[in-house]
Amino acid sequence: MDNVGGRIRCMSMLCHALTWEVASDACPCFDALLQIVTAKVDLTRDEWKARLTPEQFQVLRDHGTERPHGDQCSTWKGRKTGFARCAGCQLELFDLTKQFDSGTGWPSFTTAVPGRLTEIVDRSMGMSRTEVRCYRCDGHLGHVFDDGPGPNGKRYCINGVALSFAE
């Protein structure tokens, strides 16, 4: 394996560029790649503050919520290719082909890249809902609801400031 332009490329000649769409048995490098991608990022509050903008820190580390229809929401509208990454650790979380306009004012997706999110029951605000966090850095991203389109019926409602864009 080698790292080319931020992407890890398989050197086994069985595939040219390993993506998560490739089955794990298709490439002998898959297990090593999985360990690299899922290695935990554990920083102190001060290290996170130095890495993130104040808005990102408030959402990702203090479990805040940005206002709907904010500046970050318009960044995602109309993008059809690439990935939404965690703004904290750059782990690819959502394929932009799975994005849809939910009318909520936050970026919404029908599915996440498998194994990239942690779901936690959130009973704050006088209700019960499911919080989603980045698997690698434990950053708060938003919530998942059972009212989405498509076969799985999921709507991942994500704070735009918690995401960065990758082609």
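The values are calculated or read from the model by the stated rules, or taken from the named source; none is laboratory data. Not measured: the values here are computed from a predicted model. Here the Cβ is made from the backbone with ideal geometry for all residues, glycine too, and neighbour counts use every protein chain on show.
Of all the criteria given as (1) closer than 28 Å to D42 by Cα; (2) among the hydroxyl-bearing types (S, T, Y); (3) out of contact with any Gly (no Cβ under 7 Å at 6 or more places or on another chain), the one not satisfied by T97 is (1).
Applying the selection to region 144-163, what residues are at pLDDT below 90 and either outside any loop (DSSP other than H, G, I, E, B) or touching a helix residue (DSSP H, G or I) at 6+ places or on another chain (Cβ under 9 Å) (or both)? Correct list: G150 only.
For (1) closer than 24 Å to R45 by Cα; (2) surrounded by fewer than 19 Cβ atoms within 10 Å (Cβ to Cβ), each residue gets a yes or a no:
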site: P68; (1), (2): no, yes
site: Q90; (1), (2): yes, yes
site: V113; (1), (2): no, no
site: L117; (1), (2): yes, no
site: R133; (1), (2): yes, no
site: G139; (1), (2): yes, no
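Could you please let me know if F57 is assigned by TED's automatic domain parsing to the domain that holds P107, outside any loop (DSSP other than H, G, I, E, B) and at pLDDT below 95? Spelling it out, it is not the case that F57 is assigned by TED's automatic domain parsing to the domain that holds P107, outside any loop (DSSP other than H, G, I, E, B) and at pLDDT below 95.
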